[in-house]
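Presented below is the structure to which this report refers.
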Amino acid sequence: MKVLLKLAIRNLIAAGLRTWLNVIVLSLTFVVIIAAQGLFRGMGDQAARASIDYEFGGGQFWHPAYDPYDPLTIQDAHGLIPAELKPLIAAGQATPILVIQGTLYPQGRFLPVLIKGIDPSQKILSIPSEFLAASAAESEGESWPAEFTTSEKATGAYERMRIPDEIPAIIGTRMAATARLSVGDTVILRWRDSRGAFDARPVRIVHIFRTIVQSVDAGQVWIPLRVLQEMAGMPGEATVVTLAPGAASPPGNIPAAAGGWVYRDLRYLLRDIDQLVAAKTAGSATVYVILLFMSLLAIFDTQVLNIFHRIREIGTLVALGLTRRQVVLLFTLEGTLHAVLAAVLAAIYGYPLLSAFASHGWKMPEAFDSFGIALGERLMPVFTGGIIIGTVILILSLTAIISFWPARRLSRMRPTDALRGKLQ
Amino acid sequence: MAGPVIQTIDLTKVYPMGEYSITALNRVSLTFERGEFAGLVGPSGSGKTTFLNIVGTLDTPTSGQAIIMGTEISALSPLEAAGLRRQHIGFIFQTFNLFPVYTVYENVEFPLLLLGLPPVERRRRVMEALEWVRLADRARSRPTQLSGGQSQRVAIARAIVKKPAIVIADEPTANLDAENSYNILDIMRELNQELSITFLFATHDEKVIRYLRRKITLFDGRVAKDEILETAATPPPVT
Ligand SMILES: Nc1ncnc2c1ncn2[C@@H]1O[C@H](COP(=O)(O)OP(=O)(O)OP(=O)(O)O)[C@@H](O)[C@H]1O
Ligand SMILES: [Mg+2]
């Protein structure tokens with residue numbers, strides 16, 4: 001009802017300082033909630049992007065036995081690359097990765113690791129595999145083909161090779177820190193081949209890369225795929241085949257279960273990150289739940305006081321021709337308008353503030369690596385329409401409820417009592 | 001319209017008070033024609049306010065009927081009752097009850113907003129009403145800047161701006177001094193005569209009683225006396 005809205009606005013403005021205090025606190029709540037949501041959204045986006053770049057590409061085909069959550073399956077999770085995927089690999093649209101278990105012996109300690117074989121010439125993941133190729137070429141004059149020829153990739157008819165005396169390897173910074181390894185160091189790597197026989201060989205760290213994706217770094221040693229296949233006695237085999245980013249999902253003309261391998265789309269692969277972000281968002285809600293609670297409490301208080309102080313006015317409104325329901329609506333509107341004004345105010349100062357935040361990002365302290373989610377050095381919050389609209393709807397409806405709550409009793413008041421200044 | 005503006009038949013109001021009960025109105029049957037200037041008098045607790053509240057549709061009777069503008073009010077929904085008040089009934093209170101956050105103008109305009117009148121019409125009527133109560137020059141003031149007499153005049157303007165059939169005034173002079181009391185009584189009598197609005201008072205005030213053309217005395221919730229006062233036209237001795 002237009003009259004009631006007009007009336008509510010007038011009353012609100014007439015209340016002056018009290019209204020503005022409520023509105024300022026509530027607008028702060030808006031900005032903080034949106035900022036926090038944006039930050040976590042940015043966190044999630046950044047983690048997802050990095051995971052796509054370093055690990056998931058545009059989706060993966062998994063060997064049917066492969067389960068990244070169950071280390072015991074790794075032993076069996078390898079097999080010949082399905083024929084359907086070979087054209088993609090030959091065309092540079094996919095890259096195979098073989099995973100086996102091994103142990104590293106740095107300075108007398110031993111570290112269980114996953115040994116991952118990657119094609120040094122692959123361009124699909126940001127893992128700097130090219131260092132494996134370059135070092136292979138210069139290793140002790142002994143030439144061995146680190147890379148596959150195109151025909152090998154296409155046909156899977158691999159030429160057998162001798163395992164080099166010193167295997168080139170790249171590791172991430174976390175792995176380097178755990179094993180206390182630097183570029184140029186050699187370290188003994190022990191593994192078990194497909195027949196169950198143990199073998200060991202020195203690996204030389206040719207490069208250490210930095211990534212926010214822990215799952216390609218911690219506890220992992222990357223060596224040339226071809227060498228790993230030879231070491232493990234698994235020629236032509238892989239554990240996963242990663243598609244190029246942007247690949248169609250599901251990939252065109254490839255059956256979802258190529259050669260019995262399981263296609264995992266990005267939604268599946270990223271669900272851990274989504275869950276983690278959701279958990280983090282919920283966990284951090286405490287701060288703004290308190291802020292929200294305080295501002296809602298202030299509005300509730302204002303409503304209760306208003307109804308108490310203005311009871312004669314309420315009786316008069318009924319005498320002048322409002323129903324009690326309309327009075328309830330009027331007071332609910334009055335309270336809810338706090339949130340509308342707060343949204344406007346928040347837009348006025350929050351927009352420039354949050355835009356600056358979004359473009360400058362937030363420099364993360366070093367300690368944040370242990371936050372449980374991979375974070376870059378600079379976190380760029382992402383403010384989507386969904387976050388903003390969602391926050392506005394949330395606060396508006398909570399304010400409406402909190403405004404309605406004390407006003408609701410007015411629907412039972414006796415106007416004659418109200419006119420005498422009494423609230424039963 | 002033809003017929004009485006207010007008619008009550010055996011109007012009874014009982015307030016249950018635990019074991020016993022209070023009969024505030026006991027079979028009150030009264031009829032008021034258009035343009036009456038009538039008042040309920042009687043000792044405190046005799047049921048004056050109760051009667052006005054029921055007639056004003058702010059309260060409901062325990063039994064009996066109240067027919068306002070031809071409508072039996074106990075049959076009305078809350079929305080219909082509100083519509084009746086909005087259209088036909090103006091209220092004047094002992095405590096003025098102006099909206100403190102509105103200007104004088106806005107206070108008087110309020111009933112017209114509820115009626116949904118267009119702005120030009122509202123403006124004309126508000127200024128006319130303010131002329132009646134001789135406060136056109138205070139249109140932009142706030143209620144807090146007005147004296148008691150001025151406040152009650154604004155309240156009168158607010159009550160009559162929609163040209164209702166009935167104005168209900170419960171002790172309108174109780175918070176005013178003699179001069180202001182006579183002042184507003186003059187204004188109300190003028191409005192009663194010019195616009196033939198029915199005024200219905202409840203009062204103890206001799207000054208008001210002097211102006212009444214009909215005096216109904218209530219006692220213990222019953223009509224004890226109902227008299228026409230021929231002397232009512234006498235102008236008050238302003239001191
Ligand atoms: N809400 C109520 N609950 C219980 N009793 C009530 C209520 N309102 C009025 N009464 C009782 O009804 C009777 C009539 O009250 P009413 O207010 O109509 O008297 P009145 O004539 O207006 O008195 P006064 O001259 O003091 O204003 C009184 O005995 C009063 O105590
Ligand atoms: Mg009374």
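The values are calculated or read from the model by the stated rules, or taken from the named source; none is laboratory data. Keep in mind that what you see is a predicted model, and the values were worked out from it rather than measured. Glycine also receives a Cβ, built like all others from the backbone with ideal geometry; neighbour counts cover every protein chain displayed. Just the protein is used for accessible areas: all its heavy atoms, side chains included, with ligands, DNA and RNA removed. Shrake-Rupley method; radii C 1.70, N 1.55, O 1.52, S 1.80 Å.
Failed condition for B:F99, given (1) facing chain A (nearest Cβ under 8 Å); (2) of a type outside the set (D, E, K, R); (3) open to solvent by 40 Å² or more (accessible area, probe 1.4 Å), with all others met?
Tallying (1) facing chain A (nearest Cβ under 8 Å); (2) of a type outside the set (D, E, K, R); (3) open to solvent by 40 Å² or more (accessible area, probe 1.4 Å), B:F99 fails exactly one: (3).
Any chance you could count how many residues in the range A:289-342 are within 14 Å of chain B (Cβ to nearest Cβ), open to solvent by 60 Å² or more (accessible area, probe 1.4 Å) and touching a helix residue (DSSP H, G or I) at 6+ places or on another chain (Cβ under 7 Å)?
4
Looking only at the range B:105-121, filter to residues that are within 14 Å of chain A (Cβ to nearest Cβ) and aliphatic (A, V, I, L, M); which one of those is surrounded by the most Cβ atoms within 10 Å (Cβ to Cβ)?
Narrowing the range B:105-121 to residues within 14 Å of chain A (Cβ to nearest Cβ): B:105-119.
Checking which are aliphatic (A, V, I, L, M) leaves us with B:108, B:112-115, B:117.
Numbers: B:V108: 30, B:L112: 21, B:L113: 17, B:L114: 23, B:L115: 17, B:L117: 18.
The extreme case among them is B:V108.
Name every residue in the range B:45-60 that is outside any helix (DSSP H, G or I) and under 17 Å from B:P4 (Cβ atoms), in order of residue number.
At the first step, the residues of the range B:45-60 found to be outside any helix (DSSP H, G or I) are B:45-47, B:56-60.
Answer for the range B:45-60, where residues must be outside any helix (DSSP H, G or I) and under 17 Å from B:P4 (Cβ atoms): B:G56, B:T57.
Mind telling me which of the residues B:E206, B:E230 ends up being open to solvent by 60 Å² or more (accessible area, probe 1.4 Å), modelled with pLDDT under 90 and either within 20 Å of B:S46 (Cα to Cα) or out of contact with any helix residue (DSSP H, G or I) (no Cβ under 9 Å at 6 or more places or on another chain) (or both)?
Details: B:E206 fails: modelled with pLDDT under 90.
Residue meeting the stated conditions: B:E230.
Being closer than 17 Å to A:L379 by Cα, assigned by TED's automatic domain parsing to the domain that holds A:I290 and open to solvent by 10 Å² or more (accessible area, probe 1.4 Å) narrows it down to one of A:L39, A:L21, A:L17, so name that one. Quick ask: steps written out before the conclusion?
Values: A:L21 fails: closer than 17 Å to A:L379 by Cα; A:L17 fails: closer than 17 Å to A:L379 by Cα.
Sole residue among the options that is closer than 17 Å to A:L379 by Cα, assigned by TED's automatic domain parsing to the domain that holds A:I290 and open to solvent by 10 Å² or more (accessible area, probe 1.4 Å): A:L39.
Do you know which of the residues in the range B:146-195 that are among the β-branched types (V, I, T) and more than 16 Å from ligand 2 (Cβ to nearest atom) is surrounded by the fewest Cβ atoms within 10 Å (Cβ to Cβ)? Step through it out loud before you land on a result.
First, pick out the residues of the range B:146-195 that are among the β-branched types (V, I, T): B:154, B:156, B:160-161, B:166-168, B:173, B:184, B:187.
Narrowing the set further to residues that are more than 16 Å from ligand 2 (Cβ to nearest atom) leaves B:154, B:156, B:160-161, B:166-167, B:184, B:187.
Details: B:V154: 27, B:I156: 25, B:I160: 26, B:V161: 26, B:I166: 24, B:V167: 24, B:I184: 22, B:I187: 18.
Residue satisfying both the conditions and the ranking: B:I187.
Restricting to the range B:122-160, what's the tally of residues that are within 21 Å of A:L322 (Cα to Cα) and either among the polar types (S, T, N, Q) or more than 11 Å from chain A (Cβ to nearest Cβ) (or both)? Steps first, please.
First, the residues of the range B:122-160 that are within 21 Å of A:L322 (Cα to Cα): B:122, B:125-126, B:154-160.
Right, trim to either among the polar types (S, T, N, Q) or more than 11 Å from chain A (Cβ to nearest Cβ) (or both) and you get B:122, B:125-126, B:154, B:156-157, B:160.
Here the count works out to 7.
State whether the residues of the range A:3-13 include one that is in contact (Cβ under 8 Å) with a residue 12 or more places away in the chain and either touching a Lys or Arg at 6+ places or on another chain (Cβ under 6 Å) or under 17 Å from A:L296 (Cα atoms) (or both).
Of the residues in the range A:3-13, the ones in contact (Cβ under 8 Å) with a residue 12 or more places away in the chain are A:4-5, A:7-9, A:11-12.
Filter once more, so that each one left must be either touching a Lys or Arg at 6+ places or on another chain (Cβ under 6 Å) or under 17 Å from A:L296 (Cα atoms) (or both): A:12.
The answer is yes, given that some residue of the range A:3-13 is in contact (Cβ under 8 Å) with a residue 12 or more places away in the chain and either touching a Lys or Arg at 6+ places or on another chain (Cβ under 6 Å) or under 17 Å from A:L296 (Cα atoms) (or both).
Residues of the range B:1-48 being crowded, with 23+ Cβ neighbours inside 10 Å and among the polar types (S, T, N, Q), which ones?
The one that is crowded, with 23+ Cβ neighbours inside 10 Å and among the polar types (S, T, N, Q): B:T8.
Kindly indicate whether B:G90 is under 28 Å from B:E206 (Cα atoms), out of contact with any Gly (no Cβ under 6 Å at 6 or more places or on another chain) and within 14 Å of another protein chain (Cβ to nearest Cβ).
Numbers: under 28 Å from B:E206 (Cα atoms): yes; out of contact with any Gly (no Cβ under 6 Å at 6 or more places or on another chain): yes; within 14 Å of another protein chain (Cβ to nearest Cβ): yes.
When the stated conditions are applied, B:G90 passes them.
Regarding the range B:73-85, can at least one residue be identified that is in a strand (DSSP E or B), more than 18 Å from the chain's Cα centre (by Cα) and away from ligand 1 (no atom under 16 Å from the Cβ)? Let's see the steps before the verdict.
Going through the range B:73-85, the residues in a strand (DSSP E or B) turn out to be none.
The answer is no, given that none of the residues of the range B:73-85 is in a strand (DSSP E or B), more than 18 Å from the chain's Cα centre (by Cα) and away from ligand 1 (no atom under 16 Å from the Cβ).
All but one of (1) at pLDDT below 80; (2) open to solvent by 70 Å² or more (accessible area, probe 1.4 Å) hold for A:H360; which doesn't?
A:H360 satisfies every listed condition except (1).
Can you find, within the range B:61-87, the residue that is farthest from the other protein chains (Cβ to nearest Cβ) among those that are within 16 Å of B:I6 (Cα to Cα) and either in contact with a Cys (Cβ under 6 Å, 6 or more places away or on another chain) or of a type in the set (V, I, T) (or both)?
The residue in question is B:I67.
I'd like to verify a number: residues in the range B:122-142 that are in a helix (DSSP H, G or I) and either open to solvent by 20 Å² or more (accessible area, probe 1.4 Å) or in contact with a strand residue (DSSP E or B) (Cβ under 6 Å, 6 or more places away or on another chain) (or both), how many? Outline the logic, then answer.
Taking the range B:122-142 first, the residues in a helix (DSSP H, G or I) are B:122-132, B:136-138.
Filter once more, keeping what is either open to solvent by 20 Å² or more (accessible area, probe 1.4 Å) or in contact with a strand residue (DSSP E or B) (Cβ under 6 Å, 6 or more places away or on another chain) (or both): B:122-125, B:127-128, B:131-132, B:136-138.
The qualifying residues number 11.
Which of the residues spanning the range B:92-124 are aliphatic (A, V, I, L, M) and farther than 11 Å from B:R158 by Cα? Working first, answer last.
First pass over the range B:92-124, keeping only residues aliphatic (A, V, I, L, M): B:92, B:98, B:101, B:104, B:108, B:112-115, B:117, B:120.
Correct list: B:V101, B:L113, B:L114, B:L115, B:L117, B:V120.
Residues are listed down the side, and each one gets a yes or a no for (1) within 16 Å of ligand 2 (Cβ to nearest atom); (2) within 18 Å of B:L195 (Cα to Cα); (3) of a type in the set (V, I, T):
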site	(1), (2), (3)
B:R34	no, yes, no
B:F51	yes, no, no
B:P78	no, no, no
B:V108	no, yes, yes
B:G116	no, no, no
B:A129	no, yes, no
B:R134	no, yes, no
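Among the residues of the range A:182-226, which ones are open to solvent by less than 30 Å² (accessible area, probe 1.4 Å), of a type in the set (A, V, I, L, M) and out of contact with any Phe, Trp or Tyr (no Cβ under 7 Å at 6 or more places or on another chain)?
Listed by number, the residues that qualify are A:L189, A:V203, A:I205, A:V221, A:I223, A:L225.
Which number in (1) at pLDDT below 95; (2) out of contact with any Gly (no Cβ under 6 Å at 6 or more places or on another chain) marks the one condition that B:N180 misses?
Failing condition for B:N180: (2).
Go through the residues of the range B:51-59 one by one and say whether even a single one is surrounded by 22 or more Cβ atoms within 10 Å (Cβ to Cβ), within 14 Å of chain A (Cβ to nearest Cβ) and away from ligand 1 (no atom under 15 Å from the Cβ).
There is at least one residue in the range B:51-59 that is surrounded by 22 or more Cβ atoms within 10 Å (Cβ to Cβ), within 14 Å of chain A (Cβ to nearest Cβ) and away from ligand 1 (no atom under 15 Å from the Cβ).
Out of all the residues in the range B:29-40, is one or more free of Cβ contacts under 8 Å to residues at least 24 places away in the same chain and either more than 16 Å from ligand 1 (Cβ to nearest atom) or out of contact with any His (no Cβ under 8 Å at 6 or more places or on another chain) (or both)?
The answer is no, given that none of the residues of the range B:29-40 is free of Cβ contacts under 8 Å to residues at least 24 places away in the same chain and either more than 16 Å from ligand 1 (Cβ to nearest atom) or out of contact with any His (no Cβ under 8 Å at 6 or more places or on another chain) (or both).
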